[in-house]
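Okay, so here's the structure we're looking at.
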Amino acid sequence: MQDDRQSIDRWLWHARLARTRVLAATFAASGHVRVNGQRIMAPARPVRIGDVLTVALPGAVKVVRILAFASRRSGAQDARHLYDDLSPPAPRESRPPPAPVRDAGAGRPTKRERRTLERLRQRGPGLDS
């Protein structure tokens with residue numbers, strides 16, 4: 001093995017962007033990885049220090065610049081030193097407001113309260129009437 005390059009599946013596994021090497025190879029073979037903007041289809045494609053990877057992970061897209069290689073897989077803290085994360089910050093999820101809670105012992109809702117609740121349920125969160 002040359003010290004100036006490493007196969008993409010091995011690097012993804014060492015950098016802990018994939019749980020297993022087989023999963024890393026699957027990402028690369030299915031076209032979920034781009035190296036310097038070009039889609040790759042081979043898990044054995046070599047990458048070099050300075051290459052920018054765009055990896056479509058389940059639930060997120062990660063953009064990283066390769067800073068170093070590892071000879072073996074190690075802990076998460078060591079793996080973090082293998083790349084520089086260039087991903088834009090994830091948007092904060094807007095959570096819906098908490099559901100209203102009736103006081104214990106308040107009894108059943110009145111007809112007016114039921115109609116108000118129905119209007120809120122039909123309108124949905126975040127919609128203005």
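Quick look at the numbers
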| item | result |
| --- | --- |
| Val47 being free of Cβ contacts under 8 Å to residues at least 60 places away in the same chain, among the β-branched types (Val, Ile, Thr), closer than 17 Å to Arg73 by Cβ and surrounded by 12 or more Cβ atoms within 10 Å (Cβ to Cβ) | yes |
| Residue under evaluation Phe69, criteria (1) surrounded by fewer than 16 Cβ atoms within 10 Å (Cβ to Cβ); (2) modelled with pLDDT of 90 or more; (3) in contact with a strand residue (DSSP E or B) (Cβ under 8 Å, 6 or more places away or on another chain); (4) part of a loop (DSSP other than H, G, I, E, B), criterion not met | (1) |
| Cβ-Cβ under 6 Å pairs, at least 6 apart or on other chains, segment 73-90 side among the small types (Gly, Ala, Ser), far side surrounded by 13 or more Cβ atoms within 10 Å (Cβ to Cβ) | Ala76/Arg16; Ala79/Ala15; Ala79/Arg16; Ser87/Lys62; Ser87/Val63 |
| Scope segment 76-129; condition at pLDDT below 85 and in a helix (DSSP H, G or I); matching residues | Leu117, Leu120, Arg121, Gln122, Arg123 |
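The values are calculated or read from the model by the stated rules, or taken from the named source; none is laboratory data. Treat the numbers as computed from the prediction; the structure is a model and nothing was measured. Note that we place each Cβ from the backbone using ideal geometry, even for glycine, and neighbour counts take in every protein chain shown.
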